[in-house]
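Following: one structure in C-alpha cells, then a few remarks.
The values are calculated or read from the model by the stated rules, or taken from the named source; none is laboratory data. Treat the numbers as computed from the prediction; the structure is a model and nothing was measured. Cβ placement follows ideal geometry from the backbone for every residue including glycine, while neighbour counts extend to all protein chains displayed.
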Amino acid sequence: MKKRIIIAALLLSCMQVSAQPAVKSESRSITLRPNILGIEVSPTLSGIFFEDLNQSLDGGICAQLIQNYSFQAYDFPDSKPYEFSYSDTTFYSWTVIRKDEAVGTARLVQDKPLVKDLKPLYDWDPNDQHDDDAQYRQFSVRFDIQDPGAGFGIAANGYGIDKYGKEPDTYYSLNTQVPSIPAVKDVSYDLSLYLQGDNYMGTISVYLEDAKGNRNSNVLTIKDLTNDWTRFVASLKAERSVDCRLAIVADAPGTFWLDFVTLLPEASQLWMDGKYGPFRKDLIQALADLHPKFLRFPGGCTAEGDAYCSQVFWKNTVGPREERIQSRNHWGYLSTQYVGFYEYMLLAESLGAEALPVFGNGIIRQFGRAGYAAPLETQEDRDRFYSIYAKNPIDFIEFCNGGVDTQWGALRAKMGHPEPFNLKYVGIGNENGGDEFWERFDIIYNALKETHPEITVISTAGPGEAGRMFNANMSQIDAKYPDTIVDEHYYKEDDWFYANTDRYNPGKVRGEEGHTYDRKKPTRVFIGEFANANANNAFSSALAEAAYWTGLERNSDMVVMATYAPLFCKKGFNKWNSNFIWFDNRGMWRSCNYYYQYLFQEGGNRTFDTSSVMNGNKADKTVYTSSTIDTYTGKIYLKIVNSEGVDKNFTVNTGSNARYSATLDFITAHDTSVKNQGDTDYFSGNPEYSQVDYSEAVVPQSRDLGTVRKSFQVLIPENSICVLKLVPQD
C-alpha cells in the first residue's frame, strides 16, 4: 500500500504545470469487467476526409510549387471577378519581367496549344445553354520581344498570398505577386517546361531568385529553340533558404511560346520519396500517424460542384498531366488536377486506408446559386444522364479493379499500377435530398448494383443531423436502399456533442418519425463530416468531440465510419473556421482536435462492460469513457474524457488478479480556449512576421504507471483526454 501511495504522489507532482495554479484533485472510481464482452468494434471506424478546400491540394499536400503552371487561370465560366484573370496580358501568380527598359509583350493565346485536339470524355449536350467546351480551352504564353534590354520574360511567384479585399469568404486573392516558393538551402528542385520558337535565335535562362532579384540557384540555359514544342528539364539547387520566384528570361528579340512549367522538390522532400505521388512529406506524415482506415475524397461540395463547369469527373483527372482538364472548384479557385483520382488512390494505398471516392449525381449546388439538375425529361436525356453520371463511377470501378485487358484497367496499368486497387466503396451525392436527387440517385444506384453488386454504396442523410430533409432521406433509404451506408453530416456546438454521446445507442429514436438505428436492418452509418465549426479549434472543442467519439466507439456496430472535417487549411486561405491541420508553405500546426484522434486511433476489437465513473455513490456526468479489449492479446484500452477543470484521482478496479503494465497517454490544458495554430494570419510569407514558430501548445504526454493488478490509482488531469492502456504481463 505504501508503494502505491508513493507512486500516486509522484504522478500528481509530475502532472502539475508550474505556470498554472494548483488544482484540487477529487476521488473517483471505475470498475472494469473485461470478461463481459460487448460489440465488435468497427475496423474502419476512424478515417480521414480530404476536400480540395482552403487551398489544401494545389499549394498544399501537392508538392508541385508553380501556381497556374499551364496558364489556365483565365476567364473561367461561372467565376467571380477576383477569382481569375480576365486580361490576356495578366497571368495569375506570375509577374512579367522587364530588365533595363526591355520592350516586349507577353500574351495568352489559344492558337499554339501544347496538346492538340483535346476532346471531352463525357457525352455533353451540344445544344443546351451551357458552354460545354469552355473548360477544354488550352492557353499558352506568346512572347514578342522587340528589345530584350537586360532581359525580358516572366516569373512564377508560387503559392503565396496577396491581399485583395474583405468580401465574405474571399478576403485574399490567390494572384500572388510576392515571391513565395519556399526554397530550402541545398535542396534540389526538378524543373520541367515546354518551349516553342518561331525561328527564335536567342538564349532563355531559368533560375530561382529572391524578392530582391538575387539569384538563388544554378541556371538552366536553353538555346536553339525549334518550331515544335520541346520539353526541357533540369535540377535547380537552392543556395539559401529564402522565398523565391522562378525566373524565365530571354536575351534576344524574337517570338517564342511557353507552357506547362512545373517545379517539384527532390524525392527526399516528398512522401515516401515520391513513390506514391507528388505529396508533401510533412503533411502526409501527419495523416499516416493517425493510421486512418479509409480516405474519403475529393470532397463533398467539391465533388458536387459549384456550377455547371465546376463538376468533378475523374476521367478529366487521369492520364498525362498535360492532358488533364483543369477547372474552377466549388470554393472559387483553380483545381489543376496535378493530383487526380489516380494519385488519390495511390495516397490511400500508401496510408493503408480504404479508398472512398465521392461522385456527383447531376445535382449541382442544390442549396445555393447556379443550381442545376441534369435533365431526365426525354429518353435522350436519360441516356445521356446514364452515359455521364452512372457510367462515371462504373468506369472508375473498372479503372481501379479491372484487369489490364479492360479499357480503364489498361489505363491504370499504363500509369504505373498494373495491380488492381481493390476499391470497395462508392459515394453518390453530397448533402442532397428531394425528389430531383432521389430520382437521379436511383438510376446510378441501380446501375451500380447491376454491374458491381460487390461495391458498397454510400447514400446521404442530407446536410444536417435532424429535420425535414433528414427524415425524408432516411425514409427513402429505409424503403429502397437499406443496403447502403448512410452519410450523416453535422457541424454543431460543444454542448450538442456532450448531449448526444448516446445518439446511436440501441433503441435511441432516430429523427422525428419514431424509427431507431435498428441493428436488425442492414443500413449502417458513416459520419462523413463532423466538427464544432465555430470554435476555431479551441481545446474546448476537442474535449466535446472526444466525449462524443467515446459514444461512436461504443456504438461502432452501427457507426462503421467517422471522420472530422475539414482536414487541411492553408493559413490565409481559410474558408472554414475549424480545421484538423493548419499549415503554410514551410510547416504545420496539428490542432487540439487532431491530437485527440491521434490518441483515440488505437483500441481493441471488442468493447467490454465497465461501471460508470463514480463519485462516491453517484455517477460523475462530466466524465465520458469507452472501454475496449484486444481479444487476441488481452490488451485493455480505457478512453477517458474529463471535461471538468478538476484533477480526478481514479481508483481503477481491474476485475482480475492479472498483472498489467500500465501507461496513461493524454492531452490536457488549464485554459480550454488555447489553440495550437494560434493566430490565423500568423504564417510564413506574411510580411508582418519575420519568423514563424511551429510549436504547438497542446501535445500528447505519457506517464508510465508501472505494474498494476486488481486495484490501482491514476490521476486524470483536469480538462483532459486520456487513454489508459493495460498490457497483460502474465
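How many of the residues making up the stretch 383-405 are surrounded by fewer than 15 Cβ atoms within 10 Å (Cβ to Cβ), touching a residue at least 40 places away in the same chain (Cβ under 8 Å) and not hydroxyl-bearing (Ser, Thr, Tyr)?
Narrowing the stretch 383-405 to residues surrounded by fewer than 15 Cβ atoms within 10 Å (Cβ to Cβ): 383, 387, 403-405.
Subsequent filtering for residues that are touching a residue at least 40 places away in the same chain (Cβ under 8 Å) retains 387.
Next, from what is left, pick out any that are not hydroxyl-bearing (Ser, Thr, Tyr): none.
Adding up the residues that qualify gives 0.
Results for (1) free of Cβ contacts under 8 Å to residues at least 24 places away in the same chain; (2) part of a helix (DSSP H, G or I), shown as yes or no for each residue.
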| position | (1), (2) |
| --- | --- |
| TYR490 | no, no |
| ASP495 | no, yes |
| GLY507 | yes, no |
| ASP518 | yes, no |
| ILE527 | no, no |
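Taking ALA250, is it small (Gly, Ala, Ser) and more than 13 Å from ALA155 (Cβ to Cβ)? Walk me through it before giving the result.
Numbers: small (Gly, Ala, Ser): yes; more than 13 Å from ALA155 (Cβ to Cβ): no.
So ALA250 does not fit the description; no.
When you look at ILE716, is it touching a helix residue (DSSP H, G or I) at 6+ places or on another chain (Cβ under 7 Å) and among the hydrophobic types (A, V, I, L, M, F, W, C), yes or no? Break it down stepwise before answering.
Values: touching a helix residue (DSSP H, G or I) at 6+ places or on another chain (Cβ under 7 Å): no; among the hydrophobic types (A, V, I, L, M, F, W, C): yes.
So ILE716 does not fit the description; no.
Among TYR189, TYR200, TYR194, TYR207, which is the only one that is in contact with a Pro (Cβ under 7 Å, 6 or more places away or on another chain), touching a residue at least 24 places away in the same chain (Cβ under 8 Å) and among the aromatic types (Phe, Trp, Tyr)?
Numbers: TYR200 fails: in contact with a Pro (Cβ under 7 Å, 6 or more places away or on another chain); TYR194 fails: in contact with a Pro (Cβ under 7 Å, 6 or more places away or on another chain); TYR207 fails: in contact with a Pro (Cβ under 7 Å, 6 or more places away or on another chain).
Only one candidate passes the filter, namely TYR189.
For the stretch 694-721, which positions are in contact (Cβ under 8 Å) with a residue 24 or more places away in the chain and of a type in the set (S, T, N, Q)? Break it down into steps so the answer makes sense when it comes.
Just the residues of the stretch 694-721 that are in contact (Cβ under 8 Å) with a residue 24 or more places away in the chain, to begin with: 694, 696-721.
Of everything in the stretch 694-721, those that are in contact (Cβ under 8 Å) with a residue 24 or more places away in the chain and of a type in the set (S, T, N, Q) turn out to be GLN701, SER702, THR707, SER711, GLN713, ASN719, SER720.
Okay, residues lined up against (1) in a loop (DSSP other than H, G, I, E, B); (2) hydroxyl-bearing (Ser, Thr, Tyr); (3) in contact with a helix residue (DSSP H, G or I) (Cβ under 7 Å, 6 or more places away or on another chain); (4) not assigned by TED's automatic domain parsing to the domain that holds GLY572:
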site: ARG231; (1), (2), (3), (4): no, no, no, yes
site: ILE248; (1), (2), (3), (4): no, no, no, yes
site: ALA252; (1), (2), (3), (4): yes, no, no, yes
site: PHE256; (1), (2), (3), (4): no, no, no, yes
site: GLY277; (1), (2), (3), (4): yes, no, yes, no
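Test ASP78 against the stated conditions and say whether it is closer than 30 Å to LEU270 by Cβ and of a type in the set (Asp, Glu).
Values: closer than 30 Å to LEU270 by Cβ: no; of a type in the set (Asp, Glu): yes.
Criteria not met by ASP78.
Please determine, by comparing only the residues of the stretch 635-652 that are over 35 Å from the mean Cα position of the chain (by Cα) and more than 22 Å from ARG709 (Cβ to Cβ), which one is surrounded by the fewest Cβ atoms within 10 Å (Cβ to Cβ). Even if it seems obvious, please write down each step before you answer.
Let us first name the residues in the stretch 635-652 that are over 35 Å from the mean Cα position of the chain (by Cα), namely 646-652.
Adding the requirement that they be more than 22 Å from ARG709 (Cβ to Cβ) leaves 646-647.
Working: VAL646: 16, ASP647: 21.
Only one residue tops the list, namely VAL646.
For a quick check of your reading: which helices (runs of 4 or more DSSP H) sit entirely within the stretch 378-455 and have at least 2 residues that are in contact with a His (Cβ under 9 Å, 6 or more places away or on another chain)? First the steps, then the outcome.
On the way: elements: 379-385, 391-401, 407-414, 434-451.
Once the helices (runs of 4 or more DSSP H) in the stretch 378-455 are filtered for at least 2 residues that are in contact with a His (Cβ under 9 Å, 6 or more places away or on another chain), what remains is 391-401.
When you look at ALA250, is it within 14 Å of ILE145 (Cα to Cα) and of a type in the set (Gly, Ala, Ser), yes or no?
Working: within 14 Å of ILE145 (Cα to Cα): yes; of a type in the set (Gly, Ala, Ser): yes.
So ALA250 passes the test.
Could you list, in sequence order, the residues of the stretch 165-199 that are modelled with pLDDT under 90 and in a strand (DSSP E or B)?
Once the filter is applied, which keeps residues that are modelled with pLDDT under 90 and in a strand (DSSP E or B), the stretch 165-199 yields TYR172, SER173.
Can you find even one residue in the stretch 482-495 that is buried (at least 18 other Cβ atoms within 10 Å of the Cβ) and farther than 18 Å from PHE526 by Cβ? Lay out the reasoning, then the answer.
Of all residues in the stretch 482-495, those buried (at least 18 other Cβ atoms within 10 Å of the Cβ) come to 484-492, 494.
Checking the rest, the ones that are also farther than 18 Å from PHE526 by Cβ come to 494.
Yes, the stretch 482-495 contains a residue that is buried (at least 18 other Cβ atoms within 10 Å of the Cβ) and farther than 18 Å from PHE526 by Cβ.
Can you say whether GLN713 is assigned by TED's automatic domain parsing to the domain that holds ASN653, crowded, with 18+ Cβ neighbours inside 10 Å and not basic (Lys, Arg), as far as the supplied structure shows?
Values: assigned by TED's automatic domain parsing to the domain that holds ASN653: yes; crowded, with 18+ Cβ neighbours inside 10 Å: yes; not basic (Lys, Arg): yes.
It is true that GLN713 is assigned by TED's automatic domain parsing to the domain that holds ASN653, crowded, with 18+ Cβ neighbours inside 10 Å and not basic (Lys, Arg).
For the stretch 77-159, list the strands (runs of 3 or more DSSP E) that sit wholly inside it and hold at least 3 residues that are assigned by TED's automatic domain parsing to the domain that holds THR262, free of Cβ contacts under 8 Å to residues at least 60 places away in the same chain and not charged (D, E, K, R); which are they?
Numbers: elements: 94-99, 103-109, 140-147, 151-156.
Filter on the stretch 77-159 gives 103-109.
Can you name every residue in the stretch 291-325 that is under 12 Å from GLN135 (Cα atoms) and crowded, with 23+ Cβ neighbours inside 10 Å?
SER310, GLN311, VAL312
So how many residues does the stretch 672-730 have that are aromatic (Phe, Trp, Tyr) and modelled with pLDDT of 95 or more?
Applying the first criterion (aromatic (Phe, Trp, Tyr)) to the stretch 672-730 yields 682-683, 689, 694, 712.
Narrowing further to those that are modelled with pLDDT of 95 or more: 694, 712.
Residues flagged as aromatic (Phe, Trp, Tyr) and modelled with pLDDT of 95 or more within the stretch 672-730 amount to 2.
Inside the stretch 308-318, can you point out the residues that are part of a loop (DSSP other than H, G, I, E, B) and touching a helix residue (DSSP H, G or I) at 6+ places or on another chain (Cβ under 7 Å)? Lay out the reasoning, then the answer.
Start the filter on the stretch 308-318 by keeping residues that are part of a loop (DSSP other than H, G, I, E, B), which leaves 311-313, 318.
Result: VAL312, PHE313, VAL318.
Suppose we keep only residues that are touching a residue at least 60 places away in the same chain (Cβ under 8 Å) and either under 18 Å from LYS99 (Cα atoms) or small (Gly, Ala, Ser) (or both) within the stretch 210-246. Which one would you say is surrounded by the fewest Cβ atoms within 10 Å (Cβ to Cβ)?
Filtering the stretch 210-246 for residues touching a residue at least 60 places away in the same chain (Cβ under 8 Å) gives 229, 243-246.
Still in the running and either under 18 Å from LYS99 (Cα atoms) or small (Gly, Ala, Ser) (or both): 244-246.
Numbers: CYS244: 30, ARG245: 30, LEU246: 28.
The residue in question is LEU246.
Kindly list the number of the only condition in (1) within 33 Å of the chain's Cα centre (by Cα); (2) farther than 30 Å from ILE181 by Cα that fails for GLU688.
The one condition GLU688 does not meet is (2).
Mind listing whichever residues of the stretch 444-470 are crowded, with 18+ Cβ neighbours inside 10 Å and in contact (Cβ under 8 Å) with a residue 60 or more places away in the chain?
ILE444, ILE458, PRO463
Going through ALA355, ALA288 one at a time, which residue ends up being touching a residue at least 12 places away in the same chain (Cβ under 8 Å), closer than 24 Å to LEU423 by Cα and buried (at least 22 other Cβ atoms within 10 Å of the Cβ)? Explain how you work it out, then say what you get.
Values: ALA288 fails: buried (at least 22 other Cβ atoms within 10 Å of the Cβ).
Just one listed residue meets the conditions, ALA355.
Do we find a residue being in a loop (DSSP other than H, G, I, E, B), within 24 Å of the chain's Cα centre (by Cα) and either in the same structural domain as TYR694 (by TED's automatic domain parsing) or modelled with pLDDT of 95 or more (or both) anywhere in the stretch 544-565?
From the stretch 544-565, those in a loop (DSSP other than H, G, I, E, B) are 555-558, 565; that's our starting set.
Add one more test, that the residue is within 24 Å of the chain's Cα centre (by Cα), and what stays is 556, 565.
Now drop any that are not either in the same structural domain as TYR694 (by TED's automatic domain parsing) or modelled with pLDDT of 95 or more (or both), which leaves 556, 565.
Yes, the stretch 544-565 contains at least one residue that is in a loop (DSSP other than H, G, I, E, B), within 24 Å of the chain's Cα centre (by Cα) and either in the same structural domain as TYR694 (by TED's automatic domain parsing) or modelled with pLDDT of 95 or more (or both).
Among the residues of the stretch 322-341, are any out of contact with any strand residue (DSSP E or B) (no Cβ under 8 Å at 6 or more places or on another chain), hydrophobic (A, V, I, L, M, F, W, C) and not in a loop (DSSP other than H, G, I, E, B)?
Within the stretch 322-341, none of the residues are out of contact with any strand residue (DSSP E or B) (no Cβ under 8 Å at 6 or more places or on another chain), hydrophobic (A, V, I, L, M, F, W, C) and not in a loop (DSSP other than H, G, I, E, B).
Output the qualifying pairs, or none if there are none: Cβ atoms under 8 angstrom, residues six or more apart or on different chains, first residue in the stretch 658-680 and of a type in the set (D, E, K, R), second residue assigned to a strand (DSSP E or B) and modelled with pLDDT under 95.
Short answer, once both residue conditions are applied: ARG659/ARG709.
Let me spell it out: the conditions are (1) more than 28 Å from ASP75 (Cβ to Cβ); (2) of a type outside the set (Asp, Glu); (3) not assigned by TED's automatic domain parsing to the domain that holds ARG137; (4) not in a loop (DSSP other than H, G, I, E, B), and LEU236 meets all of them except one. Which number is the exception?
It fails just one condition, (3).
Looking at (1) at pLDDT 95 or above; (2) within 28 Å of the chain's Cα centre (by Cα), which one does ALA73 not meet, given that it meets all the others?
(1)
Search the stretch 617-648 for residues being touching a helix residue (DSSP H, G or I) at 6+ places or on another chain (Cβ under 8 Å) and not in a loop (DSSP other than H, G, I, E, B), and hand back the single one that is nearest to LEU664 (Cα to Cα).
Restricting attention to the stretch 617-648, the residues satisfying the condition of being touching a helix residue (DSSP H, G or I) at 6+ places or on another chain (Cβ under 8 Å) are 624-626, 628, 639, 641, 643, 647.
Checking the rest, the ones that are also not in a loop (DSSP other than H, G, I, E, B) come to 624-626, 628, 639, 641, 647.
Values: TYR624: 16, THR625: 14, SER626: 15, THR628: 15, LYS639: 10, VAL641: 12, ASP647: 14 Å.
Selected residue: LYS639.
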